[in-house]
Amino acid sequence: MRDLAEGVTRFQRDVHTARADLFARLADHHAPHTLFIGCSDARVVPELITASEPGELFVVRTAGNLVPAYAPGSDAVTAGIEYAVAVLGVSRIVVCGHSACGAMTALAECHDLSAVPTLAQWLRHADASRARAAARGDVASLVRQNVLAQLANLATHPSVAHALAEGGLTLHGWVFDIATGDVEDLSPAGPVTTPAA
């Protein structure tokens, strides 16, 4: 805990003080342009990957960057999507998968998940991804197919469907390579590989 507390102290002293005008503006203004749905993996940091400033991204992180298809009822992922689209009015949604994803590796290699039953149930949201993947054990293929499947799930959400129909929203699928920093764009106009700057 000491390292986190020291980090907060450094942030307050070095970052917040130097960017006081930005944080003062953000205190009363929340208008991100993009909903970024990424994996909970600690190695995948949306603001770092996109070189975004505070306030630019509305971030939802889930194990395996999974987006359940819309169903009535409440869940945190759906609530985050609805808020970002219907209230904040984001103009883009990015679903970002990544290399060496633990969730996709577990599925591709058929790991025993009996010790983590809640996680096993959550990963059922990737069943369509598994069905579309090239072959058992092909983690890279499953990561890509999973991004595409989650984009399809996103379109089932009423707020997303409405914004898409109105032309005020675009969906993008990315795969981030941790080792190289490359981002592969799987969006309908893609795929395009964008090397890290």
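Nothing in this text is a laboratory measurement; each read-out follows from the coordinates by a stated rule. Remember, predicted model here, so these are calculated numbers, not experimental data. Cβ placement follows ideal geometry from the backbone for every residue including glycine, while neighbour counts extend to all protein chains displayed.
When the Karplus curve 6.51 cos²θ - 1.76 cosθ + 1.60 is applied with θ = phi - 60°, which whole-Hz ³J(HN,Hα) does each residue of region 48-63 get, with x for Gly and Pro?
6, 4, 9, 6, 8, 7, x, x, 8, 10, 9, 10, 10, 10, 9, 4
Does region 1-56 come out rounded, prolate or oblate, given a ≥ b ≥ c as the square roots of the eigenvalues of its C-alpha gyration tensor, rounded meaning a/c under 1.5 and, failing that, prolate meaning a/b above b/c? Please report the intermediate quantities before stating the final value.
Working: a/c = 2.38, a/b = 1.08, b/c = 2.21.
In terms of gyration-tensor shape, oblate.
What are the ³J(HN,Hα) values, in whole Hz, obtained from phi via the Karplus relation 6.51 cos²θ - 1.76 cosθ + 1.60 with θ = phi - 60°, for each residue of region 114-123 in sequence order, with x given for Gly and Pro?
Here the 3J(HN,Hα) series is 5, 7, 10, x, 5, 4, 4, 5, 4, 5 Hz.
State to the nearest 20 debye the size of the charge dipole of the chain about its Cα centre, where the only charges are +1 on K and R beta carbons and -1 on D and E beta carbons. Don't skip to the answer; put the middle values down first.
Numbers: 13 positive and 20 negative charges, 41 e Å.
Its charge dipole is roughly 200 debye.
Would you work out which of Val87, Phe36, Pro54 lies farthest towards the positive end of the dipole of region 33-97, given +1 charges on the beta-carbon of Lys and Arg and -1 on that of Asp and Glu, about the Cα centre?
Phe36
Just grab the label-to-label distance for Thr170 and Leu113, each label 7 Å out from Cα along the Cβ direction, in nm (one decimal).
Label at Thr170, label at Leu113, 3.3 nm between them.
Okay, helix-only estimate at 222 nm for the chain: each DSSP H run of n ≥ 4 adds -39500 (n - 2.57), divide by all residues, round to 500 deg cm²/dmol; what do you get? Please list the in-between numbers first.
On the way: 9 runs with 71 residues, N = 197.
When only DSSP H runs of four or more count, the value is -9500 deg cm²/dmol.
Using modelled amide H (1.01 Å from N, peptide plane; none on Pro or chain starts), what sits under 5 Å from the amide H of Val59, excluding residues fewer than 5 places away?
Correct list: Phe36.
With the cut-off at 1.5 for a/c, could you classify region 1-116 from its C-alpha gyration tensor as rounded, prolate or oblate?
Numbers: a/c = 2.32, a/b = 1.37, b/c = 1.69.
Taking the square roots of the gyration eigenvalues as a ≥ b ≥ c, region 1-116 is oblate.
How high is the FRET efficiency between Asp138 and Glu53 when r is their beta carbon distance and R₀ equals 30 Å, given to the nearest 0.05?
Result of the calculation: an efficiency of 0.20.
Return, for the Cα atoms of the chain, the radius of gyration and Dmax in Å, separated by a comma.
Looking at the chain, its Cα Rg and Dmax stand at 17.8, 52 Å.
Given the options Ile81, Ile49, Ile93, which has the most mean-square fluctuation in a GNM of the chain, springs set between C-alpha atoms less than 10 angstrom apart?
It is Ile49.
Could you check the simple spin-label distance between Ala31 and Asp127, using points 7 Å along Cα→Cβ, in nm with one decimal?
Inter-label distance under the simple model: 4.3 nm.
Report, by chain and number, residues whose modeled amide H sits under 5 Å from the one on Asp41, excluding near sequence neighbours (fewer than 5 apart, same chain).
Counting only residues 5 or more places away or on other chains, the set is Gly64.
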